[in-house]
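Below you'll find the structure I mean.
The values are calculated or read from the model by the stated rules, or taken from the named source; none is laboratory data. Worth saying up front: this structure is predicted, and the values here are computed from it rather than measured. Cβ placement follows ideal geometry from the backbone for every residue including glycine, while neighbour counts extend to all protein chains displayed.
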Amino acid sequence: MQLSQRPFFSRRPIFAGNGVVVAYMGGFVGQVPGRAEIKPAEMDEVLHRLEQLVQEIPWRKVGHGLPLVLELPREALTETFLRHFPPRRVVIGVDWRLFHSVEWANLYKLLRLYHLPIALLNYDFSRPLVLDDFKVPYVGIDLSSVTPQQVMEGVPPLKPGRRLIAQQVEDQRQFGFCRHYGCDFFTGPFYLRPEIESARQLRPSQIQVLRLLNTLDDPNVHLEQIEQLLEQDLFLSEQLVRLANRTLKEGDEPLQSIMDALRRIGLRELKMWLESLVLAELGEQVPEVVRVALTRGHFVRCLGKADRRLPPDAYYTIGLFSLLDVLMKRPLEEILRELNLHKRILAAMLEGDGLGGQALALIRTLEVGTASQVTLPRGVVAEQVHRCYLAALDYADEVMATLQQVRSEGSFNPLQ
């Protein structure tokens, strides 16, 4: 991992073999185009930027209550940086080549001193890792640099006493292969790759979802139309009323109906919440995809606030709906055509046009976590990106926690 002039924090999930998220992988990306190398005289300034970023990030929160494997560059493996991380909750990921360097012994002692577990990342089997004398609980294997044969032969010797992370898992085929041959955890874009099923027929619930989404995007929609559609879907109407109940303050009159809930939330917030709800219904089996979609929605809306060509909720739609193809297993263009969205929304999502399209491309770059270049939209500065990204992670985590709590609260009573 190399330092960049303008580092950006990024987070991506680490899955167990059963598809459950057990941790997150964090790191820093953002090499400025045209500045592939950092001159020695600039290194102090770069480290200063990175230290500021490290100090600003709420490390206990950014992992959503799960362990965070944080990949750090060699230059940041110092007391100055390590003292900012909560012991045992953050696992420090370092490039495996450091194990063979003269720096390893001192680095190992320093990490042990701060009670920070170690992960050796990006291993490519080019040299053996004899870790018997060291407590290194995690080793990450760089799938982009190894062959299937190396995985089959090299994984068993690494297994005793440690867990193996398959990195850069590109698709479900790689996921299944690495799980079969002994990898314990998996990270990469495989869970965001759409598995399009030809001639796929929509379920009745999905047809109802599309109708609701289409209605919500109509600028002339009335609350009565939304109410009629919600009355046809007990699950969505139940969740909406429960969410509306959470907005009530002490002394407010209790909710009396679905229409009462609609009025109290307000049309703009209602639109974004309902879009989130229907997406969550589609993604019940793959909740992490919904979390990423929520993150994208908030991020694109945050960067689009200063642009008046589209309203904020339209920017939210651009990010949120960008993963409908993964959730519905149908081509995105086909789904969006059925939703009858505004042409500028379509251009942003399908062609990368305008600020919405550029913001969507940017968040996708951050999701990858291994990109060497980050291109900022015109008029957007690095501080905005950092602020909007952390706010988007927080927003998505809060929405997912709320939806999970609503699902588990039992029977429905709109008057409670």
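Going by what's in this entry, would Ala261 be described as in contact with a Lys or Arg (Cβ under 8 Å, 6 or more places away or on another chain), among the aliphatic types (A, V, I, L, M), surrounded by 15 or more Cβ atoms within 10 Å (Cβ to Cβ) and farther than 30 Å from Tyr191 by Cα?
Values: in contact with a Lys or Arg (Cβ under 8 Å, 6 or more places away or on another chain): no; among the aliphatic types (A, V, I, L, M): yes; surrounded by 15 or more Cβ atoms within 10 Å (Cβ to Cβ): yes; farther than 30 Å from Tyr191 by Cα: yes.
So Ala261 does not fit the description; no.
Can you name the residue in the range 79-111 that is of a type in the set (Ser, Thr, Tyr) and either out of contact with any helix residue (DSSP H, G or I) (no Cβ under 8 Å at 6 or more places or on another chain) or buried (at least 21 other Cβ atoms within 10 Å of the Cβ) (or both) and, of all such residues, is farthest from Tyr138 (Cα to Cα)? Before the answer, list the steps.
Of all residues in the range 79-111, those of a type in the set (Ser, Thr, Tyr) come to 80, 101, 108.
Subset that is either out of contact with any helix residue (DSSP H, G or I) (no Cβ under 8 Å at 6 or more places or on another chain) or buried (at least 21 other Cβ atoms within 10 Å of the Cβ) (or both): 101, 108.
On the way: Ser101: 19, Tyr108: 14 Å.
Looking at residues that are of a type in the set (Ser, Thr, Tyr) and either out of contact with any helix residue (DSSP H, G or I) (no Cβ under 8 Å at 6 or more places or on another chain) or buried (at least 21 other Cβ atoms within 10 Å of the Cβ) (or both), I get Ser101.
If I ask for residues that are polar (S, T, N, Q) and touching a helix residue (DSSP H, G or I) at 6+ places or on another chain (Cβ under 9 Å), which ones from the range 122-181 would you list?
First pass over the range 122-181, keeping only residues polar (S, T, N, Q): 122, 126, 144-145, 147, 149-150, 167-168, 172, 174.
Within the range 122-181, Asn122, Ser126, Gln167, Gln168, Gln172, Gln174 meet the criteria.
Something else about it: Please return the ranges of helices (runs of 4 or more DSSP H) entirely within the range 162-246 where 2 or more residues are under 30 Å from Leu120 (Cβ atoms), at pLDDT 70 or above and not assigned by TED's automatic domain parsing to the domain that holds Asn340. Give the steps one after another, and end with the answer.
Numbers: elements: 172-180, 204-216, 223-231, 234-246.
Here the list reads 172-180.
Residue-by-condition table, conditions (1) at pLDDT 95 or above; (2) in contact with a Lys or Arg (Cβ under 9 Å, 6 or more places away or on another chain):
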| residue | (1), (2) |
| --- | --- |
| Leu121 | yes, no |
| Pro128 | no, no |
| Leu131 | no, yes |
| Val136 | no, yes |
| Ile141 | yes, no |
| Gln149 | yes, no |
| Gly154 | no, no |
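Among what's in the range 231-245 and is over 16 Å from Glu269 (Cα atoms) and buried (at least 19 other Cβ atoms within 10 Å of the Cβ), pick the residue that is farthest from the chain's Cα centre (by Cα). Full working, then the answer.
Initial filter on the range 231-245 (over 16 Å from Glu269 (Cα atoms)): 231-235, 238.
Within this subset, residues satisfying the condition of being buried (at least 19 other Cβ atoms within 10 Å of the Cβ) are 233, 238.
Numbers: Asp233: 29, Glu238: 27 Å.
Top of the filtered list is Asp233.
What residue, among those in the range 360-378 that are among the hydrophobic types (A, V, I, L, M, F, W, C) and in a loop (DSSP other than H, G, I, E, B), is surrounded by the most Cβ atoms within 10 Å (Cβ to Cβ)?
Applying the first criterion (among the hydrophobic types (A, V, I, L, M, F, W, C)) to the range 360-378 yields 360-363, 366, 368, 371, 374, 376.
Next, from what is left, pick out any that are in a loop (DSSP other than H, G, I, E, B): 371, 374, 376.
On the way: Ala371: 16, Val374: 21, Leu376: 19.
Checking each candidate, the answer is Val374.
Keeping to the range 139-169, report how many residues are surrounded by 15 or more Cβ atoms within 10 Å (Cβ to Cβ) and under 19 Å from Val91 (Cα atoms).
12
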